[in-house]
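Below is one structure, written out as structure tokens; comments come after it.
The values are calculated or read from the model by the stated rules, or taken from the named source; none is laboratory data. Keep in mind the model is a prediction, meaning the values are calculated, not measured. Accessible surface is based on the protein model in full, side chains and every heavy atom, while ligands, DNA and RNA are left aside. Shrake-Rupley method; radii C 1.70, N 1.55, O 1.52, S 1.80 Å.
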Amino acid sequence: CGDDPERLIQCPYDKQHQIRACRFPYHLVKCRKSHPEVAKLLATCPFNARHLVPRADLVDHISKCRDKGFIEHDIAHCSSGFQRDEVNAVSTWQAPPCDEDWETELLEQPNSPFVWGMTNSGINSCSVTSGQKNYLPSSVRAPESSPYAASWKD
């Protein structure tokens, strides 16, 4: 929010709006939508999105923008070699070997799709697996049959 987050900044879309510095970016987004005709006349500074200037004045603003120095400093610092080498470093990470073979597993399994609570041949026989432990709380009851049972076979 700059030096003083409470300082007031004039809205470029509506001169009557005086916005606290810390709320200014949010206000710009909202006010841009409310004033699309003004938004078409303004350009955003490439160094600071809070700087909205008339399109005709953008070149002049860019040459004088105080935030340009921060960007130029960052670019100069990055091109010094230290950070550039870190960014361009090639990763040596390799994926661990995978023992899974989904195609083989698919061929080894029966043709019936998985249905919760049914045996492997459950789709055809409509039998609920027996002997499974019910982990539901006592206030919740499991259904007696699956809604996906083949009732159309009756």
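Observations, loosely collected:
- Extension reserve of the Gln18-Lys33 stretch, reckoned as 0.36 nm per residue once the Cα distance is removed: 3.7 nm
- In this structure region 1-75 gives 71 Å² per residue of accessible area when probed at 1.4 Å with all protein chains present.
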